[in-house]
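The values are calculated or read from the model by the stated rules, or taken from the named source; none is laboratory data. All figures in this text were calculated on a predicted structure; none of them were measured in a lab. Using ideal geometry, Cβ is built from the backbone for each residue, glycine included, and neighbour counts are taken over all protein chains shown.
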Amino acid sequence: MTGQSTPTAGDTVTADDTVTADGTLRGDGPVGPGGAPAGAHRAADGLAARVARLEAEREVLRTFTRSFRLVDQRAYDSVAERCLTPDAELEFGLPTPHRLRGHDEFTRHLRERVAPASEMVAHVPGLAAVEWERSAQATLTAYVTAWHWFSARARLGALRPADWTAVGLVEDVYRRHDGRWLIARRRVTPAAGLVAAGSPPPAPAGHFR
């Protein structure tokens, strides 16, 4: 519709029409609630959705980084509570394949297996790619380099090179739980071999479950 006129019952408002302040029809776009152009409402809704998506992605990335930082800080009792959903499933291919489920099992693994063997560890995450398969969950993929210093070699000094360095491919699924984006599934596999430098720790018997 071109030009300017007062809309009547027979008028059809097209995608190029808008209504001016005096109620006349102008060829710019359809009418939305409150007399505002519908295109403006759609734009506002689209902008709000994009902002919400960006905020969610930032929270996903914070949870991703925090999950490694807490391990590096030996805050073992906080990792599951702050980073995992209660029913989280985790599968690790380093240093030996093992699976863990839920908060209790993961925390027990950190306390009983990781803590005694680890003097220090530093995880260095690479660039992460976040994809939204559907609104209810997000997937994240990233490489993470882990530098390990073992308690058994502590006698060699704290300033020694890392005893074992490995690069893992991390594949996460995040789900919103109690208002937070948390890890629902995590899979870590060797990116290019078990050892990037040094030697891995001895594999405990019966570790895969």
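Residue-wise test of (1) surrounded by fewer than 16 Cβ atoms within 10 Å (Cβ to Cβ); (2) of a type in the set (Ser, Thr, Tyr); (3) at pLDDT 95 or above.
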| residue | (1), (2), (3) |
| --- | --- |
| Val188 | no, no, yes |
| Val195 | yes, no, no |
| Ser199 | yes, yes, no |
| Ala203 | yes, no, no |
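Of all residues assigned to segment 62-70, none qualifies as being surrounded by fewer than 18 Cβ atoms within 10 Å (Cβ to Cβ), at pLDDT 85 or above and on the phi > 0 side of the Ramachandran plot. Within segment 111-152, being over 25 Å from Ala192 (Cα atoms) and in a helix (DSSP H, G or I) holds for Arg111, Glu112, Ala115, Pro116, Ser151, Ala152.
If I ask for residues that are in contact with a strand residue (DSSP E or B) (Cβ under 8 Å, 6 or more places away or on another chain), surrounded by fewer than 16 Cβ atoms within 10 Å (Cβ to Cβ) and among the hydrophobic types (A, V, I, L, M, F, W, C), which ones from segment 134-168 would you list? Of everything in segment 134-168, those that are in contact with a strand residue (DSSP E or B) (Cβ under 8 Å, 6 or more places away or on another chain), surrounded by fewer than 16 Cβ atoms within 10 Å (Cβ to Cβ) and among the hydrophobic types (A, V, I, L, M, F, W, C) turn out to be Ala136, Ala154, Ala158. From the list Gly34, Gly46, Gly39, the lone residue that is modelled with pLDDT of 65 or more, part of a helix (DSSP H, G or I) and not aliphatic (A, V, I, L, M) is Gly46. Restricting attention to segment 98-119 and to residues that are small (Gly, Ala, Ser) and under 16 Å from Asp72 (Cβ atoms), the residue that is surrounded by the most Cβ atoms within 10 Å (Cβ to Cβ) turns out to be Ser118.
Right, Glu89: at pLDDT 95 or above and more than 16 Å from the chain's Cα centre (by Cα) or not? So Glu89 fails the test.
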